[in-house]
Amino acid sequence: MTATIAPPSLSGQPPKQRPSVIETEGRHGEAHRHTDALRGLLRAARPHQWIKNATVLMIPGLGFYTLGVAGLVDALVACSAFCLASSSVYLLNDTLDREADRHHPVKRHRPIASGVVSPTLATVASGAAALTALALGFLVSPMLVAIIAAYLLLTASYSLGLKRLAWVDVAVLAAGFVLRVVAGAVAVGAAVPLLLLTAVFAGAAFVALGKRRSELVLLGDDASSHRSALGTYRLRTIDAGLAGTQAVAVVTFGLWVLALEFGPAGAGLALLGAAGFWEVLNAYRRRLMGGGGGDPTRELLANHTLLPGLLVVGLVAFSAGII
């Protein structure tokens, strides 16, 4: 049998080995895995939830005409810091909850629970986002750094255990929105009206209770096995809580507008603002009773019945800032 001898190369060097098909596919597969992990990491950071941080701009928005460029920049930096801080918390929470989420009909598709993003990568990204948020706060004021740190500690405590305590979990989530509003006020050196803070807290508690109601309906008898606090909630008590927080939010918002002393038009403007706020919350409540409402942010972006109420509330707040 005659042996086949490879011809020498023209350069006199031995011929280069071509990568095998397996090696080539392995490299491509590795590149795809890295790309999928980065995409999954971005999805796990939930940028669509950043709209919640618009509440940071609530107080600056009321007096935007007196802010100047420097004040506007500080307000936007504060809002950006809270976007990063909230993403840090989402990554931490999903990392800690990954085992439970794998048994959830919806959450099992999340990047960390599904294995697209490793817990190590998510933890590193969470820490980096938190540190960047604090650094951005430092660019504005030490007080803003303190508020961002308080938000991170509060929400980390929620992820580590407070979410297992019924009603406490709702209060913590609502307090996070209050801190956002205070952060915006601190960024521009403005006062924070107590009535407005009360309206924000009650409105956020309303939404948080709505999420709990949606989870109870979705999970049914398995609710308590996914999260122990859900075993304490009952639909009738949640519905009572929804009614109470909705009433408090609407009344305190109307009283805040009334306290601005608009003169003869004040009562009408307060009533209009309260009616608009009521309709915003009522639109979400109707979605809950219809079996939806699990993701309030997506409801806000997709549910056009919310827009008229939001427009009315926005116009009233805008008038409050000018007058």
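In the stretch 55-146 the Cα-Cα distances spread across 10 Å bins starting at 0 as 17, 35, 24, 18, 7, 0 percent of all pairs. Placing a pseudo-label 7 Å from each Cα along the Cα-to-Cβ vector at Ala70 and Ala243 gives an inter-label distance of 5.2 nm. For Arg102 and Asp36, a Förster radius of 22 Å and the Cβ-Cβ distance give a FRET efficiency of 0.75, rounded to the nearest 0.05.
The simple Förster model, with R0 at 41 Å and r as the Cβ-Cβ distance, assigns Arg236 and Ile51 a FRET efficiency of 0.85. For the stretch 148-209, rounded, prolate or oblate, judged on the Cα gyration tensor with a ≥ b ≥ c (square roots of eigenvalues), a/c < 1.5 rounded, else prolate if a/b > b/c? In terms of gyration-tensor shape, oblate. The stretch between Ala149 and Thr123, if pulled fully straight at 0.36 nm per residue, gains 7.6 nm over its current Cα-Cα span. A simple spin-label model places pseudo-atoms 7 Å from Cα toward Cβ; at Ala135 and Leu255 they are separated by 4.4 nm. Residues in the stretch 85-92 carry Karplus couplings, in order, of 5, 5, 5, 4, 5, 4, 5, 5 Hz; the curve used is 6.51 cos²θ - 1.76 cosθ + 1.60 with θ = phi - 60°, and Gly or Pro positions show x.
A short reminder: the numbers here are calculations on the coordinates, not readings from a lab. Here the structure is a predicted model, which is why all the values come from computation and not from measurement. Don't worry about glycine lacking a Cβ; one is built from the backbone with ideal geometry, like all the others, and counts go over all protein chains shown.
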